[in-house]
Amino acid sequence: MRRNPHAIFATITASTLLLGGFATATAQAAPAKAESLYAPSALVLTVARGEDPMTATVERAVTLACAPIAEGTHPAPAAACKELAAVQGKFAELAAGPSNRTCTRQWDPVVVTAHGVWQGKPVQFSTTYGNTCEMAGSMNDNAVFAF
């Protein structure tokens, strides 16, 4: 049996091109992963009318992302991100200080919520205030819910 060197070369070349094409197609089919040096921080903040966060009517909502830069639909994203960083993303600590504001005792409940991710960890926060004056006083005019 005599071997034809041209036929062998053609077979090897065709096999290489065919297998190389499959490898390329497979590599292109794999989803690209975003590489980032920052843990994700992306939140949706709401202010709603009602007592229960599940049934309250949302009046205002904004988005807030803090890494790698402060951005979103929040009117002051840099200030809000700075305040959240100061309390390590613990929303309850934003309202920990005493209020100097004098408010009426009118019952017109307001619910504030925060949902999303803070530095890679899931966040779910809500609290109810008797009215908007109590909310503003309790938050000590923080930028986070000032929208």
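The set of residues in region 123-147 being within 16 Å of His74 (Cα to Cα), open to solvent by less than 60 Å² (accessible area, probe 1.4 Å) and out of contact with any Pro (no Cβ under 8 Å at 6 or more places or on another chain) consists of Asn142, Ala143, Val144, Phe145. Taking the criterion of being in contact with a strand residue (DSSP E or B) (Cβ under 9 Å, 6 or more places away or on another chain) and open to solvent by less than 40 Å² (accessible area, probe 1.4 Å), the residues of region 82-93 that qualify are Leu84, Gly89, Phe91.
Can you pull out the residues in region 96-117 that are modelled with pLDDT of 90 or more and either open to solvent by less than 70 Å² (accessible area, probe 1.4 Å) or within 14 Å of Glu51 (Cα to Cα) (or both)? Gln106, Trp107, Asp108, Pro109, Val110, Val111, Val112, Thr113, Ala114, Gly116, Val117 - these are the residues of region 96-117 that are modelled with pLDDT of 90 or more and either open to solvent by less than 70 Å² (accessible area, probe 1.4 Å) or within 14 Å of Glu51 (Cα to Cα) (or both). The numbered conditions (1) more than 14 Å from Ala143 (Cα to Cα); (2) under 13 Å from the mean Cα position of the chain (by Cα); (3) modelled with pLDDT of 95 or more are all true for Arg49 except (2). In this entry, Ala92 passes the filter for residues that are within 24 Å of Ala42 (Cβ to Cβ) and part of a helix (DSSP H, G or I). Among residues of region 124-141 that are over 14 Å from Ala56 (Cα atoms), those with a beta-carbon under 7 Å from a residue that is open to solvent by 60 Å² or more (accessible area, probe 1.4 Å) and in a strand (DSSP E or B) at least six positions away or on a different chain give the pairs Gln124/His115.
Just one of the numbered conditions (1) touching a Pro at 6+ places or on another chain (Cβ under 7 Å); (2) surrounded by 13 or more Cβ atoms within 10 Å (Cβ to Cβ); (3) in contact (Cβ under 8 Å) with a residue 40 or more places away in the chain is not true of Gly120: (2). Within region 53-81, which residues are surrounded by fewer than 16 Cβ atoms within 10 Å (Cβ to Cβ), outside any strand (DSSP E or B) and without any contact (Cβ under 8 Å) to a residue 60 or more places away in the chain? If the condition is that a residue be surrounded by fewer than 16 Cβ atoms within 10 Å (Cβ to Cβ), outside any strand (DSSP E or B) and without any contact (Cβ under 8 Å) to a residue 60 or more places away in the chain, then Met54, Thr55, Pro68, Ile69, Thr73, Ala78 are the ones that fit. Ala114 meets each of the listed conditions (1) over 13 Å from Phe125 (Cβ atoms); (2) in contact (Cβ under 8 Å) with a residue 60 or more places away in the chain; (3) touching a Leu at 6+ places or on another chain (Cβ under 6 Å) apart from (1).
The values are calculated or read from the model by the stated rules, or taken from the named source; none is laboratory data. The structure displayed is predicted, hence computed values, not measured ones. Here Cβ is always computed from backbone atoms with ideal geometry, including for glycine, and neighbour counts include all displayed protein chains. Please note that ligands, DNA and RNA were not included when accessible areas were found on the heavy atoms of the full protein model with its side chains. Shrake-Rupley method; radii C 1.70, N 1.55, O 1.52, S 1.80 Å.
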